[in-house]
4 protein chains.
Amino acid sequence: MNAPTSAPAFDHNLYAGCAAQIVSHTRELAAKGWTPATAGNFSIRMSADLAAITISGKDKGRLSEADIMVVDMDNRPVATHHRPSAETALHTHLYRRYPDVGAVLHTHSPTQTIAGLLYAPEGRVRLKGYELFKALRGHTTHEKTFDLPVVPNSQDMDELTASVDAVLSEPNTWGYLIAGHGLYAWGKDISEARRHLDAFEFMLGCELEMRRLRG
Amino acid sequence: MNAPTSAPAFDHNLYAGCAAQIVSHTRELAAKGWTPATAGNFSIRMSADLAAITISGKDKGRLSEADIMVVDMDNRPVATHHRPSAETALHTHLYRRYPDVGAVLHTHSPTQTIAGLLYAPEGRVRLKGYELFKALRGHTTHEKTFDLPVVPNSQDMDELTASVDAVLSEPNTWGYLIAGHGLYAWGKDISEARRHLDAFEFMLGCELEMRRLRG
Amino acid sequence: MNAPTSAPAFDHNLYAGCAAQIVSHTRELAAKGWTPATAGNFSIRMSADLAAITISGKDKGRLSEADIMVVDMDNRPVATHHRPSAETALHTHLYRRYPDVGAVLHTHSPTQTIAGLLYAPEGRVRLKGYELFKALRGHTTHEKTFDLPVVPNSQDMDELTASVDAVLSEPNTWGYLIAGHGLYAWGKDISEARRHLDAFEFMLGCELEMRRLRG
Amino acid sequence: MNAPTSAPAFDHNLYAGCAAQIVSHTRELAAKGWTPATAGNFSIRMSADLAAITISGKDKGRLSEADIMVVDMDNRPVATHHRPSAETALHTHLYRRYPDVGAVLHTHSPTQTIAGLLYAPEGRVRLKGYELFKALRGHTTHEKTFDLPVVPNSQDMDELTASVDAVLSEPNTWGYLIAGHGLYAWGKDISEARRHLDAFEFMLGCELEMRRLRG
């Protein structure tokens, strides 16, 4: 990544800090098996206009800071020859829609892939009675029903982004599934986004298990 | 944690030893996936009146001694600005009820969460024929029926503690489930509590598996 | 372990080598979750009359050479104050029955526990079509039916040993299940016993999975 | 491995590089549990006429460069006393059929073993709607049906190779299952073969899971 001799395109210390955090979390998620065959992408918002994001097609288990690039909120690369993944649009969509969101994590675990396929006809996974709702910001009790949205997959990113935008609501669901494609989760920073991601994976896993056990 | 210049509120060597043991076991349990999204809490009794316990909201996979505080048996913090988790009340309840209990471990594994939800209507998980009953203190044969109590969850800790108290019996069951919230297990020290916890997780996992296989 | 000043009760170099091998394999098996709550026991034959075996009640994930004792083929401790586990009788039974057997491994995995309970009424698990039969000594094709014996559990070791003896046959099955109690596997040395153990765990896991999938 | 004093049978630097890559990937696959009881074999094409391949019967979790031999495309050992595994024929078959293929990976995971047994009557596993199709070279969308071939197992390698040859087609499926025996996956180099392997394992696992959940 070359800094132009004029004013730098972004703060390199900020970039380096974001890259280090992304690498740390991504390697853990890869070790859990949630990023098969180079799937998954992870970003942190650097400012109102810029985000640090994983480059497409990299083995997430062997990710390094060199595999992180900077994009603007129109998905254009900044000060780099790397091309962003098509799925970058889903990250910037969330950053533009929610000014307080500071990180977006997209994983592709078996549970997330299957849950999306199974619940796609209903458009959401209906969760009830989990103490772990309290891991999602703003939620304080297990005594509720929580609908995690599911959208159909599409190779047309404009179509996909529009599908996602249509299901986002208040209060913030902190995540959504794409059928056969995995989960997007977000938060004010990467630690909160990770806590949300881990909570969704756990509850989706329990939900599939109970579906097996109840018939 | 500040020691007052008057007589210390507790024995710091004892506290340090308890904190080290809690951290060691908690990190292992986190690595097993039994403490998702900061769930779980773990304590060791320091004396008739005091216990060392994990501070609320910490990532259990990265727990350190700084994340352990001291409380009294009325759930009040001792010599610290940290606030105890609401679930501290479930630990002190067991310490007050059973004077010989020296450690309490609360985990939130998928198996424990699901088993609690599935068996809540029956109020217990009925286990039969496991050789591993012999891992529970006082049990010497597989030829018995063992009922692990299940209580409904509640955000009202007085209500939850009362529900738990009502299901505890003689002989000691060494554990109970809270529906959708996980397992509490205990023993005379943390090694025994851990052996009990591992035995319950194993048997609950087998029970759910056989429920799938038998239909 | 004290060596008497008269002729040593056993060859200490041989003992040390056996203890090291047992510790190495046991720690791996513990890491796989096959030795919950101190379950499991592992031995290597030192001679026609002696075997090195794990001491009862030890955490198998933290096993060290100090946790290995020597017994004779009547289950009596040799040159040690440690008492052998009751299950030692199942190891020496195999050493007495099969002079060529050099190691016995008893694990207690969820798959082995469940398979034993489910197939106990039939007295065996009938396996067909696995390429992995070829991992069992003497077996050269997948085109066969292999019956792995299952015996009912008992706390009376004489009764249990007799049940086992009644199901052993020619050709050697290299393993048997005890209902709700796990698997015993053996071989000419610990590497072969381990290969047999790993093959059984794998095939039993596939068998349970197919039972779920076929209904 | 002895180099003859005349012109060497192969380039030893090339061989050493291939051996190192095979060892690296094989140990990772063993750690995932995909090579039970010495099952599995892995190769890299060194030239039009030669391949480096794992020696038969080795514990894949403890594989070292000494466990890699060189064979020609008629399965004959080159400059070594080691005998190739019978399954070498399946590797060289692919190298002869597809001149651009540079690596072949054969694993034996539970999912691959079960999927082969379950889908053998249909002769293929029909996959639909997976975003992860895009991990397979030449595939650019989830909106398709992908048939992964399944052939019956045989101890007669000529018969087995002929069965495989009959199911290979255009476009390249990059993999096939042998019933009860696992998966063969390939690519232009070992990294691509590995990405294909990981993608198949993931999708087969999802497919079996959905079969359980849909009944």
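The values are calculated or read from the model by the stated rules, or taken from the named source; none is laboratory data. A quick note: this is a predicted structure, and the numbers were derived from the prediction, not measured. So basically every Cβ, Gly included, is an ideal-geometry build from the backbone, and we count neighbours across all protein chains shown. With ligands, DNA and RNA removed, areas are computed over all heavy atoms of the protein, side chains included. Shrake-Rupley method; radii C 1.70, N 1.55, O 1.52, S 1.80 Å.
Things to note:
- Relative frequency of Cα-Cα separations exceeding 30 Å in chain D, percent: 20
- Label points for residue A:171 are taken 7 Å from Cα along Cα→Cβ. From this copy to the others they lie 4.6, 4.6, 6.5 nm apart, shortest first.
- Computed label-point distance, nm, for sites residue A:16 and residue C:6 using a 7 Å Cα→Cβ extension: 7.4
- Averaged over the residues of B:112-120, the number of partner chain Cβ atoms lying within 10 Å of the residue Cβ comes to 4.
- Working note: Karplus 6.51/-1.76/1.60 with θ = phi - 60° gives the stretch D:136-148 the couplings 8, 4, x, 10, 10, 8, 8, 8, 7, 10, 10, 9, 8 Hz, where Gly and Pro are set to x.
- Shape category assigned to the stretch A:97-215 from the gyration tensor of Cα positions, a/c cut at 1.5: oblate
- Annotation: amide H-H contacts under 5 Å for residue A:179 (H modelled 1.01 Å from N, sequence separation of 5 or more, or interchain): A:151, A:153.
- Considering only chain A, the C-beta nearest to the rotation axis that sends A to B is found at A:212, 4, the distance in whole Å.
- Angle between chain D longest axis and helix D:88-97 axis [Cα atoms, degrees, rounded to 10]: 80
- Mean ellipticity per residue at 222 nm, deg cm²/dmol - from DSSP H runs of n ≥ 4 across chain A, formula -39500 (n - 2.57): -11500 deg cm²/dmol
- The same position residue B:72 in the other copies lies at 6.2, 6.2, 8.8 nm from this copy, comparing label points 7 Å beyond Cα toward the beta-carbon, shortest first.
- Counts of other chain beta carbons within 10 angstrom of each beta carbon in peptide A:176-183 average 3.
- At a threshold of 30 Å², the residues of the stretch B:25-74 that become less accessible to a 1.4 Å probe in the full protein assembly than in their chain on its own are B:36, B:37, B:62.
- Probing with 1.4 Å while keeping every protein chain in the model, the per residue accessible area of the stretch A:12-214 equals 36 Å².
- Other residues lying with their Cβ under 14 Å from the Cβ of residue C:170 contribute a combined charge of -1, Lys and Arg counting +1, Asp and Glu -1.
- The distance linking the stretch D:78-131 with the stretch C:90-149 is 28 Å (Cα centroid to Cα centroid, whole angstrom).
- Interface area, chains D and A: about 1700 Å² of buried accessible surface, summed, with a 1.4 Å probe and ligands, DNA and RNA left out.
- GNM flexibility winner over chain C from C:117, C:14, C:168 (Cα, springs under 10 Å): C:14
- The H on the amide N of residue B:125, modeled in the peptide plane, is under 5 Å from the matching H of B:148, B:150, each at least 5 residues off or on a different chain.
- Stokes-Einstein translational diffusion, the protein assembly as shown - Kirkwood Rh over all Cα pairs, 1.306 mPa s, 10 °C, in µm²/s: 54
- For residue A:134, a cut-off of 17 angstrom between C-alpha atoms picks up these lysines, skipping any fewer than 8 places away in its own chain: A:144, A:188, B:58, B:60.
- Positive end of the dipole of the stretch C:12-214 (Cβ unit charges, origin at the Cα centre): among C:202, C:172, C:91, the Cα lying farthest that way belongs to C:202.
- Heavy-atom accessible surface of chain A: percent carbon and sulfur, 1.4 Å: 48
- Of the residues C:25, C:108, C:196, the one that moves most in a GNM of chain C with alpha-carbon contacts below 10 Å is C:25.
- Distances from residue C:17 to itself in the other copies, using label points 7 Å out along the Cα-Cβ axis, amount to 4.2, 4.2, 6.0 nm in increasing order.
- Taking 7 Å steps out from each Cα toward its Cβ at residue B:212 and residue B:80 produces label points 3.8 nm apart.
- Our coupling estimate for the stretch C:40-46, obtained by passing each phi through the Karplus curve with A = 6.51, B = -1.76, C = 1.60 and θ = phi - 60°, is x, 7, 9, 9, 10, 6, 8 Hz, Gly and Pro reported as x.
- Hz values of 3J(HN,Hα) by residue in the stretch B:194-201 - Karplus curve (6.51, -1.76, 1.60), Gly and Pro given as x: 5, 5, 5, 4, 4, 5, 5, 4
- Summed side-chain charge close to residue D:14 - residues other than residue D:14 whose Cβ falls under 15 Å, Lys, Arg +1, Asp, Glu -1: -4
- Per-residue mean of C-beta atoms belonging to partner chains within 10 Å, peptide D:198-210: 5
- Protein-only accessible surface at a 1.4 angstrom probe places the residues D:34, D:186 in the order D:34, D:186, largest first.
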